[in-house]
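To keep things clear, I will list the structure first and then write my remarks on it.
Every read-out reported here was derived from the displayed coordinates using simple, explicitly stated rules and does not represent laboratory data. Being a predicted model, the structure only gives us computed values, none of them experimental. When we count neighbours, we look across all protein chains shown, and the Cβ atoms used for this are built from the backbone with ideal geometry, even at glycine.
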C-alpha cells in the first residue's frame with residue numbers, strides 16, 4: 001500500500017498494515033509515513049520504525065520538517081469528511097471541506113459509484129462554526145449509517161471515482177474538474193486487493209446469507225436487468241401444474257442458478273470490495289463482530305470458487321420484489 005492509502009485508513013487498520021511491514025522487516029512505508037500530516041499515522045510510523053530498529057533493521061532517518069513547511073501545514077488544516085453507507089447498486093455519498101483563503105470553508109457533497117465513477121458533485125461556501133455543528137450532528141446521529149474519516153480518505157474515494165470516470169471517457173464539466181483540483185484529487189486505481197482467505201473462512205460459508213439480516217444490507221437487491229431475468233424465470237415456474245410449495249422450491253432453485261451465472265469472477269470481486277467497505281463502516285459504527293463476518297464473506301467471494309450463499313440470498317430475497325409478472329401481463333392464469 002502507498003503512504004496515501006494508509007493515511008486514508010482508520011487507526012486500527014493502519015496499525016495492522018504497519019505491523020505487517022514490521023513482520024516483513026521492511027521500513028519503506030513506515031519511513032514515508034513519518035512525514036504524514038496526520039499525527040495519528042505519524043505516531044504509528046514512529047512506533048513501527050522503533051520496532052524495526054530494535055530488530056536490527058536499518059531504517060532511513062526521517063527528514064526534519066522545515067519551519068516553512070510547518071507553517072504551510074498549519075495554515076491549511078485538514079477537516080474530517082463523511083462517507084455514507086453504500087447502496088447495493090454501488091453508490092455512496094461523501095462530504096468534504098477545505099479552507100478558503102481569507103476565512104470560511106468550501107463544502108463539497110456528491111455521490112461516487114464503484115463501477116461508473118463520479119456520479120455527482122456540488123460545492124458551496126460556509127463558515128467553520130456551522131461546519132463544526134453539522135459534523136457534530138452527523139456524528140451524534142447513530143440512526144444514520146455513515147462514518148467520519150480523515151480528509152485523505154475522502155480524497156482516496158474521489159480519486160478512485162475519477163479513475164473510473166476517465167476510463168469510461170466521460171467528459172466532466174469544467175466546474176467539476178476545477179472542484180476536484182481544489183480538493184487535490186488525482187486518479188487512483190480502484191482495483192485494490194481483497195485480503196486472502198483465512199483459517200475458518202470456509203467453515204463460515206453459510207453465514208453469507210445471514211448478512212442480509214444486518215441493516216446495511218437489507219435494501220440490497222440485484223440490478224434491474226438481473227431482476228427482469230429472474231422475473232421471467234419465475235413466471236415460467238408459476239404456470240407449471242404444481243402446488244405452491246413446489247413452485248416456491250423451484251423459484252428458489254432458479255435464484256441459485258441465476259446467482260451462479262451472474263456472479264462471475266469479476267462480479268464476485270466487485271461485491272467483495274463492496275463488502276470490505278461495509279466492514280470498514282461497521283467497524284466505525286462499533287460493530288466489530290459484524291465487520292469480521294462481512295470481511296470473511298468478502299474473502300470467500302474474492303478468492304473462493306464455491307457457490308456463494310450471499311449471492312444466492314441476494315436473489316432469493318428479491319422474490320417478493322420482482323417486476324409485475326409477465327404471465328399476468330399476458331392474461332395467463334396460474
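Tabulated data
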| quantity | calculated |
| --- | --- |
| Extension reserve of the residue 319-residue 13 stretch, reckoned as 0.36 nm per residue once the Cα distance is removed | 106.4 nm |
| Part-to-part distance (alpha-carbon centres) for segment 261-276 and segment 85-143, which is given in Å | 27 |
| Gaussian network model of the chain, springs between alpha carbon atoms under 10 Å - residue of 86, 219, 136 with greatest fluctuation | 136 |
| Helix-derived mean residue ellipticity, 222 nm - over the chain, DSSP H n ≥ 4, -39500 (n - 2.57), to 500 | -16000 deg cm²/dmol |
| Tensor-based shape of segment 99-155 (alpha-carbon gyration tensor, a/c under 1.5 rounded, otherwise prolate or oblate) | oblate |
| Stretch gain in nm, segment residue 4-residue 127, where the contour uses 0.36 nm per residue and the Cα spacing is subtracted | 41.5 nm |
| Packing-based ranking, highest mean first, of 181-194, 110-123 given that Cβ atoms within 10 Å are counted | 110-123, 181-194 |
| Nearest-0.05 FRET efficiency for residue 111 and residue 257, computed from C-beta distance (R0 41 Å) | 0.80 |
| Packing-based exposure ordering (other Cβ within 10 Å, fewest first) of 243, 207 | 243, 207 |
| Percent RCO, i.e. relative contact order, over the chain, from Cα pairs under 8 Å lying at least 6 residues apart | 15 |
| Correct option for mean projected area of the Cα convex hull in nm² [calculated from the coordinates] among (1) 22.6; (2) 21.4; (3) 17.8 | (2) |
| Length released on extending from residue 191 to residue 210, taking residue separation times 0.36 nm less the Cα-Cα span | 4.2 nm |
